[in-house]
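See structure below.
What follows draws every value from the coordinates through simple rules; no lab data is involved. Bear in mind that the values here come from a model prediction, so they are computed numbers and not experimental data. FYI the Cβ positions are ideal-geometry reconstructions off the backbone, even for glycines, and counts take in every protein chain you see.
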C-alpha cells in the first residue's frame, strides 16, 4: 500500500522551511532529468537562492502551482544533454584560460556534468573528475595553482601561463563517439608552449549533429559573458580598495585592467563579442585609470 505524501500548506511556509521546500521541489524535477542534464547540489542551491527564494520570500501569497511553473521554466531552459559530451564543445571556448582563472572557468563556464583533468606537468596534475562534484581544494587544483603562482612572480608582466582545454580519449576506451569515453584535459602553456602532450583526439561528428553544436556554442557564449562581468567587478573593487603603500594600488589597478582587456581580446577572437563591443568595453576599463581611489 502506497503511503500518501503529507499535505504541505505552502502558503504558510516562511524562512528556512520555505527554502527547503523549494529545494525539494527542484530536486524532484532534477531526478526526472536525463543523467547528463542533472544539476549538482551546489547548482540547485544557487538557482533557489538567486532566482526562486527571493521572489517567494517577498510575496504574501504563495501558490504551489506558481512555484512549479517557475521551476519547470528553469528546467526547460537547461542546456541540451549534448553539453556533457566533450566532442560537442568548441575548442575556442576551452582555450586561453589564465592560470589563476581556471577555478572560475570550471565553476562559471563549464556544465555540471563534464569529465575534465588539469595537467600542469611539473606543477602537478589531477585525476579525471566530473565538474558536478568539483572542489577547488578537494580535487587538488588549488595546490597546482599556488605552485604556478609562485613561479609566475619571476616572469615578466604579460607572460602569465594559461590553460587550454584539449579533448582526449580516456584510457582503454574506444574512439567511437560515446560521450563517456572522452574528457577535456586542461593543459598548462608557458610562453605559448604546452608543458605536456597537447594532441587532441580526432573524431568527426555526424552532419545531423551540427545543429546541437550551435546550440551549445550559444550556451557557452552566454557563460563567457557572465564571467566577463565578474572580471569587470574585480577591477572596480581594486580601484575602490584602500592603498597599502604609495603607488602600490595604481600598479594593482593597471594589472587588473590589463588582465580584463586580455580576456576581452580572447572573447573577440572566439566571436563571443564584436569588434565594436570590444572597443566599447576596453574604453570603459581604461577610464578607470583616471579615477582616484577612495581613501
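Any chance you could tell me what percent of the C-alpha pair distances in the range 78-124 go past 12 Å?
Of all Cα-Cα pairs in the range 78-124, 70 percent lie more than 12 Å apart.
What is the Cα radius of gyration of the range 105-176 over 2.2 N^0.38 Å, N being its residue count? Before the final figure, lay out each step's value.
Details: Rg = 14.0 Å, N = 72, 2.2 N^0.38 = 11.2 Å.
Normalised Cα radius of gyration, the range 105-176: 1.25.
Using 0.36 nm per residue, how much length does the chain from residue 214 to residue 142 gain when fully extended, once their Cα-Cα distance is taken away?
22.6 nm
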>> Can you give me the orientation-averaged projected area of the convex hull built on the Cα atoms of the range 10-76, in nm²?
In response: 4.2 nm²
> What ranking do 88, 19 get, fewest neighbouring Cβ atoms within 10 angstrom at the top?
Replying inline: 19, 88
> Where does each of 213, 97 land when they are ranked from fewest to most other beta-carbon atoms within 10 angstrom?
Replying inline: 213, 97
>> At a 10 angstrom cut-off on C-beta neighbours, averaged per residue, how do the peptides 108-117, 68-77 rank from highest to lowest?
In response: 108-117, 68-77
>> Between residue 207 and residue 250, what is 0.36 nm times their sequence separation minus the Cα-Cα distance? Round to one decimal in nm.
In response: 10.3 nm
> Given a Förster distance of 51 angstrom, what is the FRET efficiency for residue 276 paired with residue 65, based on the Cβ-Cβ distance and rounded to 0.05?
Replying inline: 0.70
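Nearest 0.05, what FRET efficiency do residue 41 and residue 287 give at R0 = 35 Å with Cβ-Cβ as r?
Computed FRET efficiency for residue 41 and residue 287 comes out at 0.30.
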> In what sequence do 274, 65 fall when counting other Cβ within 10 Å, fewest first?
Replying inline: 65, 274
>> Using the Cα atoms of the range 82-205, I'd like the radius of gyration and the largest Cα-Cα distance, Dmax, both in angstrom.
In response: 14.1, 44
